[in-house]
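Have a look at the structure below before the remarks.
The values are calculated or read from the model by the stated rules, or taken from the named source; none is laboratory data. Given the structure is predicted, the values throughout are model-derived calculations rather than measurements. All Cβ positions, even for glycine, are placed from backbone atoms using ideal geometry, and neighbour counts span all protein chains on display.
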Amino acid sequence: MKKAAIALLLALSACAQPASTLLVGTYSDGFYALDYPSGEVIAKADMPNPSFLALDGTRIYAVSEMPDQAASVWAWRYDGNGFEKLNVQPTGIPTGGEDPCYVAASGGRLAVANYSGGTLALYKLEADGRIAPMDSLIVSGTGGPDPSRQATPHVHCAAFTPDGKHLLFSEFSADAIGQIDLTGGISNYRTAARLPADFGPRHLLFDKAGKHFYVIGELSGDIAVFDYADGTLSAKQVIKADEAEARGAADIHLSPDGKYLYASLRLRNDGIAIFAVKPDGTLEKAGYQLTSPHPRNFLVSEGEVVVACRDNDSIEIYKRNPKTGLLTDTGRRISAPKPVFVALQ
């Protein structure tokens, strides 16, 4: 793709912002490093369907969300000017590694969620950032009531606990949160929490203090809030995010100060739900911001929310009021092919 094909359409209010690098994952033939806020392409990393990235300093780990032997996780190095491919590892084909959709890195380990395969793949990282051969493949289960969405296992997200002792992952089809004890061996797998039937847990999130844990349900459109301590989740709230009941809730993120939580919702009344976070970690509705079709992953900074809208081939920039949490559309857009991931480096 030529640099002119990914350009900032409206940048009148952007020029005063400090420049940084925006990484953009896509359902296309590669992911991008863009100058932000100008939108100019700095570099492209060629690989199929890099739908989610994990950043670890200058190293970037990207899943190739493919339904066949091409399903894999790639290691890259970024030096500010270009990408260097380090290596590639398969995600578990033919034993359950299809369509890897999420990757997390922490403490020399890598976790990959395989959606269609219904598994969680675990790897160790070499000192130079390369991915070692797969350590283990954890198979998720079923049990949810939706015969069209939950008949086979699906895993959508993984989150290392802030203390580094455990790994939690969303068991979409079982309406549950799975847990692996990393100190006692990765085969030590148990159910950490049960969610309401037809919840369809998708993305997971800890607050900075590691005391509260949030889960968004793709099917229910609800957000579940838990207390977390010493490997134990304690349920304390379930609150509705998707009032349209479109069964397409996607992602959740906290503001840098932890005072607001944002959730992207798709398939009907597409937009971002906004919640105020109370001192005990529970949520209170604060507002809603409409977006273009199919908002997927997004990022939250002190003054902006940047949203990847897949079906509009657009990345949208919203001004964020840190006091109220509310968003205002700036009109600024960055064009990209089927963007589904954004992160500032």
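When you scan region 181-207, how many residues do you find that are at pLDDT 95 or above and either surrounded by 20 or more Cβ atoms within 10 Å (Cβ to Cβ) or more than 17 Å from residue 253 (Cα to Cα) (or both)?
Residues of region 181-207 that are at pLDDT 95 or above, as a first pass: 191-207.
Next, only the ones that are either surrounded by 20 or more Cβ atoms within 10 Å (Cβ to Cβ) or more than 17 Å from residue 253 (Cα to Cα) (or both) stay: 191-204.
Within region 181-207, residues that are at pLDDT 95 or above and either surrounded by 20 or more Cβ atoms within 10 Å (Cβ to Cβ) or more than 17 Å from residue 253 (Cα to Cα) (or both) number 14.
Only one of the numbered conditions (1) surrounded by 15 or more Cβ atoms within 10 Å (Cβ to Cβ); (2) more than 22 Å from residue 224 (Cβ to Cβ); (3) hydroxyl-bearing (Ser, Thr, Tyr) is violated by residue 140, and that is (2).
Selection within region 93-124: residues that are free of Cβ contacts under 8 Å to residues at least 40 places away in the same chain and more than 19 Å from the chain's Cα centre (by Cα). The member of this set that is nearest to residue 162 (Cα to Cα) is 108. Applying the condition of being of a type in the set (A, V, I, L, M, F, W, C) and over 30 Å from residue 48 (Cβ atoms) to region 311-337 and asking which residue is surrounded by the most Cβ atoms within 10 Å (Cβ to Cβ) yields 327.
Looking for whichever is buried (at least 22 other Cβ atoms within 10 Å of the Cβ), of a type in the set (A, V, I, L, M), over 23 Å from residue 181 (Cβ atoms) and at pLDDT 95 or above here; the options are 43, 71, 121, 113. Which one fits?
Values: 43 fails: buried (at least 22 other Cβ atoms within 10 Å of the Cβ); 121 fails: over 23 Å from residue 181 (Cβ atoms); 113 fails: over 23 Å from residue 181 (Cβ atoms).
So the residue among 43, 71, 121, 113 that is buried (at least 22 other Cβ atoms within 10 Å of the Cβ), of a type in the set (A, V, I, L, M), over 23 Å from residue 181 (Cβ atoms) and at pLDDT 95 or above is 71.
Restricting to region 249-260, name every residue that is of a type outside the set (A, V, I, L, M, F, W, C) and within 13 Å of residue 223 (Cα to Cα). Scanning region 249-260 gives 251, 253. Residue check: residue 129 meets all listed conditions (1) in contact (Cβ under 8 Å) with a residue 60 or more places away in the chain; (2) touching a Pro at 6+ places or on another chain (Cβ under 8 Å); (3) small (Gly, Ala, Ser) but one, namely (2). Only one entry of 141, 164, 97 meets the criterion of being more than 28 Å from residue 235 (Cβ to Cβ) and either assigned to a loop (DSSP other than H, G, I, E, B) or touching a strand residue (DSSP E or B) at 6+ places or on another chain (Cβ under 8 Å) (or both), and that entry is 97. Select from region 312-345 the residues that are among the aliphatic types (A, V, I, L, M), closer than 21 Å to residue 255 by Cα and touching a Leu at 6+ places or on another chain (Cβ under 7 Å) and list them in ascending order. Those that are among the aliphatic types (A, V, I, L, M), closer than 21 Å to residue 255 by Cα and touching a Leu at 6+ places or on another chain (Cβ under 7 Å): 342, 343, 344. Restricting the search to region 208-231, which residues are part of a loop (DSSP other than H, G, I, E, B), within 17 Å of the chain's Cα centre (by Cα) and surrounded by 15 or more Cβ atoms within 10 Å (Cβ to Cβ)? Listed by number, the residues that qualify are 218, 219, 221. Among the residues making up region 253-310, those that are in a strand (DSSP E or B), surrounded by 19 or more Cβ atoms within 10 Å (Cβ to Cβ) and of a type in the set (Gly, Ala, Ser) are 263, 264, 271, 273, 308.
Residues in region 322-343 that are within 21 Å of residue 275 (Cα to Cα), part of a loop (DSSP other than H, G, I, E, B) and charged (D, E, K, R): 323 alone. Are any of the residues in region 159-176 charged (D, E, K, R), closer than 18 Å to residue 135 by Cα, more than 19 Å from the chain's Cα centre (by Cα) and surrounded by fewer than 21 Cβ atoms within 10 Å (Cβ to Cβ)? Yes, because at least one residue in region 159-176 is charged (D, E, K, R), closer than 18 Å to residue 135 by Cα, more than 19 Å from the chain's Cα centre (by Cα) and surrounded by fewer than 21 Cβ atoms within 10 Å (Cβ to Cβ).
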